[in-house]
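S.K.: Encoded as structure tokens, here's the structure I'll be asking about.
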């Protein structure tokens, strides 16, 4: 007797032999295959599980037919972890340093595990970290924001003052100017965590900088720039054009519904939508209005883009349109052929994502992916596309187009203009090769 | 009389408030009454220490190359090397510039692919940037501890090492402009690009081709085989279940996508549980992180100073060694492990120092 053809999952931990799966898929379960199936369960369970009478006679998986421990005991009480933490089964997904990239972990980077994230929001505990002189946890009662320079009245705001002002909440991406910087010359790192993990996207809450500048009577005729300064030991400073500052920059205290994490600038950081992370000054203590750029260390020694003629581009800030496939991505292993939802992230410092195309053959043929809502200005947009992998070699790429019409370029086009020795602003199309063995690796095409 | 005096005082106070505060606040908007207060002159002076390329903000003061060398050897060389050449903690500050560069104002080695490192002096165009940064943030583990004159001296020594100023030079707010005119890469920056603000035009463009876009697809670069496990086991860095698990980089790649192998043999989910099931780090290791020992000392590898394994090996079991090492951490020292001195650590509590020393001597890292 032939039954309907149930699909038996090919998840790697299953213990059903592959030839049986294909036989069942092709012919359904008849009596001979039923016996085979039962013996498979028995063999698998010899490894230590107690074989119940029910399972012996069962047709199906122990996960369903056996009572599981979480089913047969009282669970933990409320507030067992007063500040919740992820499941222990998710412990692999952590911020990580790239071995050998930096010598001192207080002046280093911890990358976000993009390969394990969904949607567009980065969980606060996985937001990437980049510190120049370590991170500090500042007492908000002692923190002050000073506004000075070309203003009629220099002022001091306490955190109490700031939290009384009219606030906005907006979702924006933050990307380090050096994200993907290791890959200008050649492939250097194996996974999307290390190629693109200096990217996060969160909801930030704070007061528009324009309100504070107005409160101090900023001279908008002469004052074409503001300098933002951090209150930690590095005293990080960055120049921001006034038109930017008045447009959508805000002074934020909250991230993803709670106060900023100390690693991300608690209690106050600047949010500069569309602009590289270094300008989002953490532990923000001062804004100065001035009539020229300041050429601070991180505008004069670092965060300058080396061109082939030996000139450095100074004050490069905008993070141009970029995208990357996060699953499957480098360092992952496909265990079976068949259907996959290929998923990734796209973002642009100049506006919204308009379209994302995906290629499975290294850029010869392209298909347009589905954009998931919300699609927000200067925020990450999630894209998805169907893919049936037949087991042959493939090279996956994604290419984003933003609301200005800008098309994300291939690495060779980027190098043709900017050479290969820059560190910053590499927004090239990323390629992931899928081998016939199912292993996914980071490659560059052409 | 007493009442009148008090009233008079109040009146005078109110008048003085009008004179002092009214002209200041009336110019700024006050849409949010009760929020924010005027900054005092002293407060602005305390925080507004930035120095611009036109030297606005530069404090009066001076320092000689010779004085700078003393400070450098005591407080800077441990990270940056005696000649500013150290590549152990940060990229080198000095090197890669020539006399011709100083004449020309452009650094030739920036176009030389054989140049191993791009040093600070090769890149920086503005002298103000160096003064500003050293004064605000150096030394790295004791920021804001240099005086204005010490900052001038350190910068003078640095410029001397880069052969921009002579041995007997004194750098001051008066001489900064003359040195700016000799900065090796002073003409090396450009603002002609579209990445500075939102109105800027992009310089690189992709194409939105959909069909038959590439005649041939060639892999130009991939990770070499020897780097397979260089980022540690990727299986432990991906979700341990689900369709997109990590590659086990501790073993060779699978020969083929083998259904019988992956399905029949099974592959347990690979989760590294790292929270409460693992015993907490020993106190010493926590203190090692807390007090930034790692800035100079590796546990098992030499950085600026000796590794803690080497220290344990040399001193373990010696008489009175705990007290000796505790003093060395507290007061600093030099000579035992080469000529780079260890700075004093006066702010670390004695109990922490004692715990650190015991932990180091145990040698179990």
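The values are calculated or read from the model by the stated rules, or taken from the named source; none is laboratory data. Keep in mind the model is a prediction, meaning the values are calculated, not measured. Heads up, the Cβs are rebuilt from the backbone with ideal geometry, glycines too, and the neighbour counts pull from every protein chain shown.
S.K.: What number of residues within the range A:297-333 satisfy the criterion of being touching a strand residue (DSSP E or B) at 6+ places or on another chain (Cβ under 8 Å) and more than 7 Å from chain B (Cβ to nearest Cβ)?
M.R.: Residues flagged as touching a strand residue (DSSP E or B) at 6+ places or on another chain (Cβ under 8 Å) and more than 7 Å from chain B (Cβ to nearest Cβ) within the range A:297-333 amount to 13.
S.K.: What number of residues in the range A:334-362 are surrounded by fewer than 21 Cβ atoms within 10 Å (Cβ to Cβ), at positive phi and either facing chain B (nearest Cβ under 7 Å) or in contact with a helix residue (DSSP H, G or I) (Cβ under 7 Å, 6 or more places away or on another chain) (or both)?
M.R.: Counting residues in the range A:334-362 that are surrounded by fewer than 21 Cβ atoms within 10 Å (Cβ to Cβ), at positive phi and either facing chain B (nearest Cβ under 7 Å) or in contact with a helix residue (DSSP H, G or I) (Cβ under 7 Å, 6 or more places away or on another chain) (or both) gives 0.
S.K.: Which one of B:311, B:304 is within 29 Å of residue B:70 (Cα to Cα) and modelled with pLDDT of 85 or more?
M.R.: Sole residue among the options that is within 29 Å of residue B:70 (Cα to Cα) and modelled with pLDDT of 85 or more: B:311.
S.K.: Here's another thing I want to ask about it. Can you pull out the residues in the range A:369-395 that are within 14 Å of chain B (Cβ to nearest Cβ) and farther than 14 Å from residue A:325 by Cβ?
M.R.: Answer for the range A:369-395, where residues must be within 14 Å of chain B (Cβ to nearest Cβ) and farther than 14 Å from residue A:325 by Cβ: A:377, A:378, A:388, A:390, A:391, A:392, A:393.
S.K.: Name the residues in the range A:91-112 that are more than 8 Å from chain B (Cβ to nearest Cβ) and not in a loop (DSSP other than H, G, I, E, B), would you?
M.R.: Within the range A:91-112, A:109, A:110, A:111 meet the criteria.
S.K.: With the structure loaded, tell me whether residue A:254 is surrounded by fewer than 22 Cβ atoms within 10 Å (Cβ to Cβ), more than 10 Å from every other protein chain (Cβ to nearest Cβ), at pLDDT 95 or above and assigned to a strand (DSSP E or B) or whether it fails that test.
M.R.: Spelling it out, residue A:254 is indeed surrounded by fewer than 22 Cβ atoms within 10 Å (Cβ to Cβ), more than 10 Å from every other protein chain (Cβ to nearest Cβ), at pLDDT 95 or above and assigned to a strand (DSSP E or B).
S.K.: Can I ask one more? If residue A:415 satisfies every condition in (1) more than 7 Å from every other protein chain (Cβ to nearest Cβ); (2) over 20 Å from the mean Cα position of the chain (by Cα); (3) not in a helix (DSSP H, G or I) but one, which is the exception?
M.R.: Here residue A:415 clears every test but (3).
S.K.: So, in the range A:281-296, exactly how many residues are farther than 18 Å from residue A:165 by Cβ and surrounded by fewer than 24 Cβ atoms within 10 Å (Cβ to Cβ)?
M.R.: 4
S.K.: Could you tell me how many of the residues in the range A:320-341 are outside any loop (DSSP other than H, G, I, E, B) and within 20 Å of residue B:208 (Cα to Cα)?
M.R.: Here the count works out to 4.
S.K.: Confirm whether residue A:243 is within 11 Å of another protein chain (Cβ to nearest Cβ) and more than 30 Å from residue A:332 (Cα to Cα).
M.R.: yes
Residue by residue, here is whether (1) within 12 Å of chain A (Cβ to nearest Cβ); (2) touching a helix residue (DSSP H, G or I) at 6+ places or on another chain (Cβ under 9 Å); (3) modelled with pLDDT of 95 or more holds:
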residue: B:132; (1), (2), (3): yes, yes, yes
residue: B:173; (1), (2), (3): no, yes, yes
residue: B:185; (1), (2), (3): yes, yes, yes
residue: B:197; (1), (2), (3): yes, yes, no
residue: B:201; (1), (2), (3): yes, no, yes
residue: B:211; (1), (2), (3): yes, no, yes
residue: B:219; (1), (2), (3): yes, no, no
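S.K.: Kindly indicate whether residue A:419 is surrounded by fewer than 20 Cβ atoms within 10 Å (Cβ to Cβ), modelled with pLDDT under 95 and over 26 Å from residue A:248 (Cα atoms).
M.R.: No: the conditions fail for residue A:419.
S.K.: Taking residue B:270 and the conditions (1) at pLDDT 65 or above; (2) part of a loop (DSSP other than H, G, I, E, B); (3) at the interface with chain A (Cβ under 8 Å from one of its Cβ atoms), which numbered condition does it fall short on, given that it satisfies the others?
M.R.: Against the list (1) at pLDDT 65 or above; (2) part of a loop (DSSP other than H, G, I, E, B); (3) at the interface with chain A (Cβ under 8 Å from one of its Cβ atoms), residue B:270 comes up short only on (1).
S.K.: Ok, one more. Scan the helices (runs of 4 or more DSSP H) fully inside the range B:62-108 and keep the ones with 1 or more residues being within 13 Å of chain A (Cβ to nearest Cβ) and under 19 Å from the mean Cα position of the chain (by Cα).
M.R.: In the range B:62-108, B:77-80 are the helices (runs of 4 or more DSSP H) which contain 1 or more residues that are within 13 Å of chain A (Cβ to nearest Cβ) and under 19 Å from the mean Cα position of the chain (by Cα).
S.K.: Between a residue in the range A:367-395 that is at pLDDT 95 or above and any residue that is in a loop (DSSP other than H, G, I, E, B) and loosely packed, with under 15 Cβ neighbours inside 10 Å, which pairs come within a Cβ distance under 6 Å, given they are 6 or more apart or on different chains?
M.R.: Hits for this filter: A:382/A:119; A:382/A:372; A:393/A:436.
S.K.: Still on this structure, I have one more. State yes or no: is residue B:322 modelled with pLDDT of 85 or more, out of contact with any strand residue (DSSP E or B) (no Cβ under 8 Å at 6 or more places or on another chain) and at positive phi?
M.R.: no
S.K.: Now for a separate question. Could we say that residue A:157 is crowded, with 17+ Cβ neighbours inside 10 Å and either out of contact with any helix residue (DSSP H, G or I) (no Cβ under 9 Å at 6 or more places or on another chain) or facing chain B (nearest Cβ under 7 Å) (or both) here?
M.R.: Against the criterion (crowded, with 17+ Cβ neighbours inside 10 Å and either out of contact with any helix residue (DSSP H, G or I) (no Cβ under 9 Å at 6 or more places or on another chain) or facing chain B (nearest Cβ under 7 Å) (or both)), residue A:157 qualifies.
S.K.: Still on this model: Please verify whether residue A:238 is touching a residue at least 24 places away in the same chain (Cβ under 8 Å), within 29 Å of residue B:120 (Cα to Cα), more than 9 Å from chain B (Cβ to nearest Cβ) and not in a loop (DSSP other than H, G, I, E, B), treating the condition exactly as stated.
M.R.: yes
S.K.: Please specify each residue of the range A:371-381 satisfying the condition of being touching a strand residue (DSSP E or B) at 6+ places or on another chain (Cβ under 6 Å) and on the phi < 0 side of the Ramachandran plot.
M.R.: A:371, A:372, A:375, A:376, A:379, A:380, A:381
S.K.: Here is a further query. Say we look at the range B:228-241 and pick out the residues that are closer than 14 Å to residue A:440 by Cβ and more than 7 Å from chain A (Cβ to nearest Cβ); which of these is surrounded by the fewest Cβ atoms within 10 Å (Cβ to Cβ)?
M.R.: B:228
S.K.: From the list A:311, A:371, which one is within 17 Å of the chain's Cα centre (by Cα) and surrounded by fewer than 22 Cβ atoms within 10 Å (Cβ to Cβ)?
M.R.: Just one listed residue meets the conditions, A:371.
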